[in-house]
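The values are calculated or read from the model by the stated rules, or taken from the named source; none is laboratory data. No experiment lies behind these values; they were computed from the predicted model shown. Cβ coordinates were reconstructed from backbone atoms using ideal geometry, including for glycine residues, and neighbour counts include every protein chain displayed. Surface accessibility is based on the protein's heavy atoms, side chains included, excluding ligands, DNA and RNA. Shrake-Rupley method; radii C 1.70, N 1.55, O 1.52, S 1.80 Å.
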Amino acid sequence: MSMASQPLSAISGHRNLKFPCPLLLLLPALFLPNSLTFASPCRTSCGNIPIKYPFGIDDGCGAPQFRRMFNCSTDLFFLTPSGSYKVQSIDYDKQSMVIYDPAMSTCSILQPHHDFTMTDIQSIIIPPSPDTVFALLNCSIDSPILNHYKYLCFNFSGHSCDELYGACNAFRVFHLLTNSTSPPCCFTGYDTVKLMSMNILDCSHYTTVLNSENLKGVGALDWEYGMKLSFSVADLGCDRCEKSGGSCGFDTETEGLLCLCSISSNHTRDCVGGNISSGGPNQASVVFIREFIFLFLSILHLTLTHY
């Protein structure tokens with residue numbers, strides 16, 4: 001008799017083969033998850049900054065409006081036509097992001113003249129917040145913001161140019177160069193520097209200050225220098241995608257919304273039962289696998305106990 005035709009008991013060398021507790025046979029099926037878990041195709045952090053929708057650092061991740069606006073090296077940087085700005089924090093609940101320009105002048109350091117510019121789409125979907133003040137420094141008396149456009153300058157929590165030039169070592173040089181009076185300055189908003197370059201404004205330097213509403217009576221040395229940007233998130237069903245284990249993203253060719261479930265599986269709504277854009281397992285296939293394993297183990301158990 002060939003080994004293939006021998007009963008299992010003969011092959012094993014035992015006449016009364018007993019399989020252990022039948023429940024052990026079912027354990028693999030019982031613990032098979034309802035949905036298969038895959039490594040997300042989208043990175044979820046850069047340095048200590050969490051990356052969530054609508055942002056993404058991998059192409060096809062996040063909302064298409066923010067495509068190619070971020071770069072992740074050691075730290076996260078926000079990219080604009082005027083340069084790369086280090087992201088210091090992102091508050092997804094308040095929908096705000098704080099960036100810092102390492103080439104910007106502050107109370108402690110005077111940097112070479114340069115502009116801050118954004119693309120047209122950036123100016124609409126992620127502009128500097130209203131409580132970010134642009135302080136234009138060392139302006140000429142012929143500056144348009146001191147003449148025809150002087151209404152663009154506003155009172156900044158009671159602070160003055162003299163206070164800024166006197167308190168900050170970096171700006172004191174402007175006061176010294178004039179010998180008597182301090183050169184004009186202007187506290188204004190982003191719309192001013194968006195419409196007019198520093199050359200047109202005829203001011204040599206600028207700095208930006210955060211949380212201006214809380215700086216009344218606070219000296220310039222204690223201001224928080226940087227820029228807060230405000231963004232909005234459209235409700236496109238991203239919560240449903242994330243709850244199913246996916247990452248919200250888009251088709252890199254059409255920029256249509258996708259729920260990214262794995263490198264090879266994208267759905268239009270979620271990772272459970274949404275319409276499939278490209279191949280990959282869904283909930284139905286997982287249920288089928290579980291039922292197949294359960295049936296197979298049941299037959300195996302009956303066969304072993306019979307012999």
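Which links in K52/K243; K52/K194; K94/K216 stretch past 21 Å when you go from one Cα to the other?
Pairs exceeding 21 Å: K52/K194; K94/K216.
What is the spin-label model distance, in nm, from K243 to N48 if the labels are put 7 Å beyond Cα along the C-beta direction?
Inter-label distance under the simple model: 3.3 nm.
Please quote Rg/Rh for the range 136-272 to two decimal places, taking the Kirkwood radius as Rh and restricting both calculations to Cα atoms.
My calculation of the ratio gives 1.26.
Could you please put I109, I124 in sequence from largest to smallest accessible area, using a 1.4 Å probe?
I124, I109
Write down the Å³ per residue value for the convex hull defined by the alpha carbon atoms of the range 145-207.
Looking at the range 145-207, the number lands at 95 Å³ per residue.
First select every other residue whose beta carbon is under 15 angstrom from the beta carbon of H113; then total the charges, Lys and Arg +1, Asp and Glu -1.
-3
When Lys and Arg each count +1 and Asp and Glu each count -1, what net charge do the other residues less than 15 Å away from P64, Cβ to Cβ, add up to?
Once all neighbours under 15 Å are counted, the net charge is -3.
Using the charge dipole of the range 130-276 (Lys, Arg: +1 at Cβ; Asp, Glu: -1 at Cβ; taken about the Cα centre), state which of N214, F154, C168 has its Cα farthest towards the positive end.
The residue sitting most towards the positive pole is C168.
Which whole-number percent gives the relative contact order of the range 54-202, counting Cα pairs below 8 Å spaced six or more residues apart?
20 percent.
Quick one: go through the range 193-237 and flag any residue whose amide nitrogen is under 20 Å from the point 7 Å out along the Cα-to-Cβ line of N169.
Hits in the range 193-237 for N169 at 20 Å: 206-208, 219-226.
Amide H to amide H under 5 Å from G226: which residues, 5+ apart in sequence or cross-chain, H placed 1.01 Å off N in plane?
Answer set, sorted by chain and number: T208, V209, L210.
Considering amide H positions built from the backbone, and no H for Pro or chain starts, which residues 5 or more places from C61, or on another chain, come under 5 Å of its amide H?
Counting only residues 5 or more places away or on other chains, the set is F250.
If I ignore ligands, DNA and RNA and count only protein heavy atoms, how much of C259 is accessible to a 1.4 Å probe, in Å² to the nearest 10?
Using a 1.4 Å probe on the heavy atoms, I get roughly 0 Å².
Using the beta-carbon distance between R67 and L195 and R0 = 30 Å, what value does 1/(1 + (r/R0)^6) give for FRET efficiency, to the nearest 0.05?
Computed FRET efficiency for R67 and L195 comes out at 0.70.
What's the local net charge at K216, with K and R +1, D and E -1, over the other residues with C-beta under 13 Å away?
Once all neighbours under 13 Å are counted, the net charge is -4.
How much accessible surface does K86 have with a 1.4 Å probe, in Å² rounded to 10?
Approximately 90 Å² for this residue.
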